[in-house]
Amino acid sequence: GLEDEALGLAAVQGGADDYLVKGEVKPALGSMIQRSVRHSLERRRLRVQLETRERQQRAAAELERCALDGCELEDLFSRAVETVRQVLGVEYAKVLELSLDGRTLWLRAGVGWKPGSVGHATVDARAAMSQAGHALVVGSPVVVADFREERRFARSPLLAEHDVDRQPMHPGAET
């Protein structure tokens, strides 16, 4: 009755996508219930996707504000890698800087790496020698599902030393 309806409305106000009143469900309504469940699941998926995108946009805006306020480049890089780690939920994030001769990428900023790596570790910039080098050549993100099966390039000593088996790579914003 009205009590079940009130309970259902309270559930929706508390975050439920929909509700069914126990005595009102008839066998003929089965397909409607299935459709309602599918729609509910899709709404939840879209809501999670929207919340994720909102977190990413907030994080990008904070980095933009830092850059526009004239913060030091090292501070911006440090904030960027920490933001990437938090927003994407990854263990490692890094900014690599290409050397003047174009042969080496220097670990300019990073989180998750062993002490002493940031500022000292390097990666070979040649396409066949590292994921980062390959990303520079192809000019697009390079995702590795499993380095044990990767044939386009070698796993860099930096990634091997840290037991990194999978990692997306974005030219210009290596993470």
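The values are calculated or read from the model by the stated rules, or taken from the named source; none is laboratory data. Worth saying up front: this structure is predicted, and the values here are computed from it rather than measured. Neighbour counts are summed over all protein chains in view; Cβ atoms, including those assigned to glycine, are modelled from backbone coordinates with ideal geometry. The area values use the complete protein model at the heavy-atom level, side chains included, leaving out ligands, DNA and RNA. Shrake-Rupley method; radii C 1.70, N 1.55, O 1.52, S 1.80 Å.
General remarks:
- Residue list for the stretch 77-114, filter: closer than 22 Å to Glu161 by Cα and acidic (Asp, Glu): Glu82, Glu91, Glu97
- Unique residue being open to solvent by 40 Å² or more (accessible area, probe 1.4 Å), within 21 Å of the chain's Cα centre (by Cα) and touching a residue at least 40 places away in the same chain (Cβ under 8 Å) when the list is Val81, Val90: Val90
- The residues listed here are Arg44, Arg79, Arg58; of these, the one that is farther than 30 Å from Ala125 by Cβ, among the basic types (Lys, Arg), in a helix (DSSP H, G or I) and modelled with pLDDT of 90 or more is Arg58.
- Checking each residue in the stretch 57-78 for being surrounded by fewer than 14 Cβ atoms within 10 Å (Cβ to Cβ) and not small (Gly, Ala, Ser) picks out Gln57, Arg58, Glu62, Glu64, Arg65, Leu68, Asp69, Glu72, Leu73, Glu74, Asp75.
- Hits in the stretch 93-105 - residues which are over 24 Å from the mean Cα position of the chain (by Cα) and not aliphatic (A, V, I, L, M): Ser99, Asp101, Gly102, Arg103, Thr104
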